Every structure is written in structure tokens, then in C-alpha cells.
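To start, the structure itself, in C-alpha cells.
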Amino acid sequence: MYGLPPELLVFLASMFPIGELRTGIPLGIFLGMQPLWAFFWGEFGNILIVMLALKLLKPISSWLMAHSKFCNHIFLKIFHHTRNKHSTKIKKMGSFFLLALTAIPIPGTGGLTGALVAFIFDLAYWPSIGLIFIGNIIAGILVMFGAGGIMELIKLFIK
């Protein structure tokens, strides 16, 4: 596809917020990669963008809040509302919440959503990365087996 190696396509597809591993791994399998290899490149692309996002969200939002009254108002409103509404759930569920949020491969969940939650609730960087990574491993395994099974079903009907 476009002369790019499938590994690079899976790596890049797994970095996009909407699809992440849910699109990267099936894309790799569709392009003929071994499921485990698609899993590896998808995980690598996703955790890299999660690490970058989690490192950059705070300085970018701080800069925007300092330089824009509008952004300051919006961010303070989002932080205040979200923290007030969900902080008891986060405290009650603890680390399991971040892990579960990233481990369930449905729209609206994933590594970048986990990074956003860790940022909003000001969770520590490395523990958050670890939990997101473990959650992504679980999600990636589910997607890998699901996509592999679906591809096998498609092959049955195409023949």
C-alpha cells in the first residue's frame, strides 16, 4: 500500500486516537503479516504515542492556560467538572480503572484515552504508563485473536 512496508503502516495506524490497536492489528493481518508481528508493531506504535501524549499534555495545557483566557476557562471547567464527578470512582477503583479502560477494545477506550485520564487526574507518569501498557497488551491480544478469527471466516466465504 503506497509503497510503505506493512510494519510501518501498522505502527502508524496504531498511533491514531480513534482506532489505535483496533485498526492497527487487523490492518497488519489484512496486509498479510503474521498476527504476532502485527501485534508487536501495533503495541510499539501505540505505547510510543501514549508516552509522548502523557509527557506533552501537561506542558501544552499549562502554556495554553497561561496565554489564553479562553483556554484557561475551558481547561479549568473540564478539570473541575471531571475531577468532581469521577474522583471517587478513580479513588475507589484505583489502578484497576486505568487498566480496565485500556484493556477493553471498544471505541472510546484505549491507550490515548488512558493517557488523557491519567493527565486529567494528575496520576504519576511511570505507573500510568505501566498500567496503560498492560491494558494495551490485553486489548491487543483480544484484537489479535478476534481479527485473526474474522480473517479466517472471511477466507472461508471468499473461496
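Here are some notes:
- A Cβ distance below 7 Å, combined with a sequence gap of six or more or placement on separate chains, defines the contacts here; from the range 38-58, residues that are in contact (Cβ under 8 Å) with a residue 40 or more places away in the chain reach residues that are in a helix (DSSP H, G or I) and of a type in the set (Ser, Thr, Tyr) in the pairs LEU54/TYR125; LEU54/SER128.
- Residue that is modelled with the lowest pLDDT, among those in the range 77-102 that are of a type in the set (A, V, I, L, M, F, W, C) and over 15 Å from LEU116 (Cα atoms): MET93
Okay, residues lined up against (1) within 21 Å of GLU43 (Cα to Cα); (2) more than 13 Å from the chain's Cα centre (by Cα); (3) assigned to a helix (DSSP H, G or I):
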position: LYS77; (1), (2), (3): no, yes, yes
position: LYS85; (1), (2), (3): no, yes, yes
position: VAL117; (1), (2), (3): yes, no, yes
position: PHE133; (1), (2), (3): yes, no, yes
position: GLY148; (1), (2), (3): yes, yes, yes
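- Residue in the range 127-139 that is exposed (fewer than 15 other Cβ atoms within 10 Å of the Cβ) and among the hydroxyl-bearing types (Ser, Thr, Tyr) present: no
- Among residues of the range 1-37, those that are among the charged types (D, E, K, R), farther than 25 Å from LEU116 by Cβ and either assigned to a loop (DSSP other than H, G, I, E, B) or touching a residue at least 60 places away in the same chain (Cβ under 8 Å) (or both), counted: 0
The values are calculated or read from the model by the stated rules, or taken from the named source; none is laboratory data. Since we're looking at a predicted model, the values are computed, not measured. Glycine also receives a Cβ, built like all others from the backbone with ideal geometry; neighbour counts cover every protein chain displayed.
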